[in-house]
Structure formats: C-alpha cells, structure tokens
Amino acid sequence: MLIMGGASAVAFYMAWSIGSNDVANSMATAVGAKAITFRQAVIIAGVLNFIGAVFVGSHVTDTVRKGIVNVTGIDTHVLLIGFIASLIAAAIWVTLSTWKEMPISTTHSVVGALVGFGLIAGGTSSVIWSKVGYVIASWVLSPIAGCILAFLIFKIIVKTIFAKEHPVKAAKIVGPIIFGFTALLIVSSLFLKTPLSSKCNIDEMTGILIAVIVAVIVVIIGIIVFRKIKEKGKEDYATVEGIFRKLQIGTSCYVAFSHGANDVANAIGPVASIIPLAQGATVGSQVEVPYWLLALGGFGIAVGCMTWGRKVMRTVGNRITSLTNTRGFSVDFGAATTVLVASKLGLPISTSHTVVGAVIGVGLARGLEAVDLSVIKKIIVSWLLTLPIAAGTSIAIFLILRTIVG
Amino acid sequence: MKKKMKKEKNHFRAPVKDTFRRKSPFNQLLEHMEKVRECIDILGDGIVRYYMRDYKNFSEISEKVSKLEHEADLIKGNLRNHLPNTLFMPVDKGKFLWALREQDAILDHAENLAVMLDMRHTKIPKELQPLFIDHAKLVMKTVKAMEDAVSNIRDLVETSFVKRERKQTKEYIYKVHELEYKADKKKYELTKGIYALEKKLDPMDVYHLLKIADWVDDIADHAENVADWLRAMIAK
C-alpha cells in the first residue's frame, strides 16, 4: 500500500510536469495565433487531456509497462524496486532539464530509465530491443511525420483557398471539410480497439461508420455556421483567418486530446506495472490498465496545465504572435494527427518534438516569416543525452534502493 | 549585460518557443519603409517650397530628415543583426537584405540632399522652376510606387506567395520602372536647361543646380533598386 501510494505520488508529479510543460508547449500555437485565450487553453487542455488519457491512453501505457522490459524470469521484488527506480530517475531528469530549459522529452526519459533498469536487473536479454528499436525509430519519424503532414495541409490551404479568386468563399467550404477529417480521426480513434468500444460492443465496421457519420455532420454544421460570412472586398485574407480562428479552437482540442492519449503513459506506465505486482499478480498477466490510474494521470496533467502551465502558455504564446490561424491550424493538425496515430500504434513519442516538426513543416511550405532551425540541433543533443543519463540514474537508484530494502 | 539577459531562464521546457523569431522580419522591413515614407513626404513638400525660393523652416526639415534617417538605421541594424544562418525564411535572405539596404540608401540620399540644400540656398532660375518641380514630383512618385510594391509584401507572405499576389507586386514594380524612366528623362531636360542658361548664371550656381538635379535623381534610382530586389525576391 505504501509502495503504491509513493509510486502514485511520483506518477502524479510526472503527470503534473507533463501538463505544465509539454501540454503548454503544444497548446501555445493556438494561444499565439489568438484562436483562444490562455485561460481557455488551460481549460481545454485540462479537460481534453483527461478524456484522451482515460479513453485512448491504454495503448501506449501497455507499451511502457510491458514492451520495454521483459519481465519473465525476474524476481517480483526486483521488478518492484526497478519500476520505482525508473520512475524516480525519469522524474529527476525531467525536473533537472526543465530547470535548465533543455528541450528533453518525458517520453525519452521514461523509456531510457526503463532500459537502464532492464539492463541492471536482468542483463541485456531483459530489454526487448526490437520494441525499443521501434520506439527510438518513432522518435525520429514522429517529428518528420508532423513536418510532412503540416506541410501538406498548409499547401492544401494555399492551393484551395489563397490561390482562389475568392478566398473567403473557398475557405467557407474547404475549412469545414478539413475539419471534418479531423473529427473522423478523433472519433475513429475513440471507437477502434479501445476499452470503450469493447464495453459498448462496437465492432470495427460500426466504429468507422459512426466516425464517418459524425464527420459528415461536422462538415455540414461547419458549412451552415460559416454560411453567413461575407467577403469584405477583394483579397480579404483577414476573414479567411477569422474562419480558421474558429476551426483552430477545434484543432487545439484535438491536440490536447491526442496529447493525453500519448503522454499519460509516461507518468503512469511504470505504476501500471507495479500495481499487479503489489497485489501479488504477475506482470505478464493480461491485467488491463485500471481506469482509476489513467484518470489519476489525466488529472495530474490537467492540474499541471492549470498551475505552472498557465505561465508557460502565456510566455510562449506571447513569443509566437506572428503565427496566424491558417498556420496554427496546420501545425495543430500535423502534430495532433501524428501523435494520435502513434498513440493508437502504442508508440510513446514526444509531443513537443512533433509540434516543433510541424512548425518547421509550415515554415518549409513558405508559410512562416522566419523559422529558427537551430532548435533541431538542440533537440538532437537532448535525445543523445537523455537516454544514457536516464538509464544511468535509473541504475544508480535501483542499486541504492536494493541495498536499503535488502 | 546583454548576454546575461539572454541567459535569464523561465524554468520550463517549450522548444516550440525557440523556433520563432521575436519580431517578424517582414514587419520590420515595412517599419523601415514607413520611415522612408515619412521622410519623403516631408522632403517632397520642403523641396518644392525650396524651388519656389521659400527657404523658411528648411533647416527644420533637414533636421527632421536626419532624425528619421537615424531611426531607420536602428531598425535596419536590429533586423540585419538578428538573422542567423539557422533562420529559414520564405524568401532568399540575401535578396531580402539587399532590398533593405537599398531602401536604406533612399534615406541616406534624402538626408544628404536635405543637408546640402540647406548649406547653400541656391536660387532656382525662374524659367527652370517648373522643370525642377516636375522632376522632384516624379522622383517622389517613384518612391511612392515603390512603397506600394513593398507594402504588398504583407499579402504575399499571408498567401504564401500565390500567383495572383506576385502578379500584383510585379505590376507595382513595373510602375516604379516607368516613373523612374520618366524622372530620368526629366533630369536630362533639366540639365539641358541649365546648360542653356550657363552664360547668364554664376558658375557656382550652375554647379549646385547640376548637383541638386543629380542628388534628387539618386533617390529614384535607389527606389528602383529596391523594386528590382523585390522582384528577385519573389521570383519563382
């Protein structure tokens, strides 16, 4: 009980840290583009992260708790210490690098720490290298995917709206259609292979059908809502941005939702492994991630957004005011789609890095006035540092704990 | 001190913050252009009165022009010093900086003209007055046309350089060329007129009149250069 309480507290702290930094980082584009105020961002982030974590968070959590360390053949007691050690190690590194303002990812820290613990507890054979390889590949691929998606969606906006003789008229139709696509992705993620779908007895075909129906309804509502908007003279780009400002409220929800679905695992993944151990079951058994734990993670993220995250969101939002709504929309869409797909595949990726990739994508599409690419170098350095440091710390804490506990 | 300020930390991780430049370079270019506009408006009025032999308040105009030139210099310096190699822009950075440099040259020449005019109040011969005034007005119009071309950069950036907007900018640029050509023609006419009167005029006056014609015309030349760099910047 004590162990579970302690581990849950550290998990809550991790969730808080994710909420205050990573969420703020991904919501800042909407704040910077003035689609939402930072107060609204805090609320949206809190609520939708919670929903994303609870309903779609189990895939990545499963990867973190079962996919990195091969637990068969390792003593239960050792496992218990190990998961606690990796959780603490990740928390320490996250805190330290946040203090130093390094663009590290909580995901990388947790995976690094788990690898470290796997190595010390059971040797090289205890780490599921193939899975770790996939995860590391996804870290490189996710910013690139975010970049490509944001690039494409922005190019589509340029070609189908800005290049047209009457941009406002085009935006009234194209905007809702792209947004309908967003709805399609969100709803299908909710109903395909999730605990929710099995509870409601929804098979894949029905899930897709529901998603398509919802998407069509969203498109129709969008077109009806925007119907009355009139072009104010020629080259009225401000009205186009106004339409996308409304749509970006939706995509910022999408970002928050996807974020919750992916990043909650970093906080609760190790705890999810500890619970059955503490209850006397074996890790390998098919125990579902308990809802209360997902909710705890989601709650921690929400609290993080509402406390420290306010400051982060405001500061970053003020910094990126040159971002307009069509750009913000593209960034949100590219990043959130990548994160959501990764979540469904059970790949723990870094949301912050994906957002950076999406921003660069819009920049490469000649959508931004200036993008500083030096951030790429900083991110790569943080990648290279995080794995060994998190693994090393995890090993050290594991050894200390083992000596104390015996 | 500056370094220390930069090191100030907020204690959070938000890499997306680092991808953006604090100020928009295009807005700064437009800000710089506003200084050109203000300066040319003041000088345009002043020079016509000068040609009409009304030298009252001309020193003040000259001072104002110098002040604007200095303010624009600060914008230029700030813009130029904060475009690191890692910064990716939708246009060629080199061409962008050349456009800025030529736009700044307009102010340099405007300042030079104002100060030089104020140094010696040369009386414009009555028979040349209309020519001088027409010339100055054409030069000012050239700069105005350039301002229109540069202003359209906002729409270009907003639409990510779509064909329609590029065409529009090119039309403005074409107008700059046309006006500059007319100003040149007028200058030759003017010079011819000065030579025709050379026997009647004091040699020092002739010298200064020829110089004035050149100095005024320089402004149009640099406005044309800005337009040319703009054209290169938006070329596909």
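None of the figures in this text is laboratory data; all of them are computed from the coordinates on show. Here the structure is a predicted model, which is why all the values come from computation and not from measurement. Every residue, glycine as well, gets a Cβ built from its backbone with ideal geometry; the counts of neighbours run over all protein chains shown.
Put simply, the range A:173-236 fits an ellipsoid with semi-axes of 33, 9, 7 Å; these come from the alpha carbon gyration tensor as the roots of five times its eigenvalues, largest first.
Taken as entire DSSP H runs, the helices of chain A that both span 15 Å or more between Cα atoms along their own long axis and average 0.0 or more on the Kyte-Doolittle scale are A:2-17, A:38-56, A:76-99, A:106-122, A:129-157, A:167-191, A:204-226, A:237-278, A:291-306, A:325-344, A:351-364, A:374-405. Note on chain A: dipole from Cβ charges, positive end direction compared against A:Val71, A:Thr337, A:Ala150; the farthest Cα belongs to A:Ala150.
For the residue pairs A:Lys66/A:Lys193; A:Lys155/B:Lys163; B:Lys67/B:Lys93; B:Lys35/B:Lys137; A:Lys169/B:Lys144; A:Lys34/B:Lys236, the C-alpha atoms sit more than 21 angstrom apart in B:Lys67/B:Lys93; A:Lys169/B:Lys144; A:Lys34/B:Lys236. For the range A:112-234, list log₁₀ I(q)/I(0) at each q in 0.18 Å⁻¹, using the Debye formula over Cα point scatterers of equal strength and ignoring solvent, two decimals each. Normalising to I(0) and taking log10 leaves -1.03. Amide H contacts of B:Phe88 (H built 1.01 Å from N, in plane; Pro and chain starts excluded): A:Val371, A:Asp372, A:Leu373 sit under 5 Å, all sequence-distant by 5 or more or on other chains. Think of each Lys and Arg Cβ as +1 and each Asp and Glu Cβ as -1; about the Cα centre, that makes the dipole of the range B:127-183 roughly 260 debye. Since only B:Gln103, B:Thr122, B:His135 are under comparison, the one whose Cα sits farthest along the positive direction of the charge dipole of the range B:96-183, derived from C-beta charges on Lys, Arg, Asp and Glu, is B:His135. Note on the range A:258-345: Rg/Rh from C-alpha atoms, Kirkwood Rh, equals 1.11. With the gyration tensor restricted to C-alpha atoms of the range A:2-405, the semi-axes of the equivalent ellipsoid amount to 39, 22, 17 Å, longest first. Using every pair of distinct Cα positions in the range B:24-234, the Kirkwood expression returns a hydrodynamic radius of 17.9 angstrom. If we count every other residue with Cβ under 14 angstrom of A:Ile224's Cβ, Lys/Arg +1 and Asp/Glu -1, where does the sum land? Every neighbour counted, the sum reads +4. Rounded to the nearest 20, the size of the Cβ-charge dipole of the range B:24-234 about its Cα centre is 480 debye, with Lys and Arg at +1 and Asp and Glu at -1.
This model, with +1 at the C-beta of Lys and Arg and -1 at the C-beta of Asp and Glu, gives the range A:2-405 a dipole about its Cα centre of some 1100 debye. Distance between the C-alpha centres of the range A:217-244 and the range A:105-148: 44 Å, rounded to the whole angstrom. The mean sequence separation of alpha-carbon pairs under 8 Å and at least six residues apart, normalised by the residue count of chain A, gives a relative contact order of 42 percent.
Each of B:Val65, B:His32, A:Leu323 was scored by the projection of its Cα onto the charge dipole of the protein assembly as shown, and the greatest displacement toward the positive side belongs to A:Leu323; charges sit on the C-beta of Lys, Arg, Asp and Glu.
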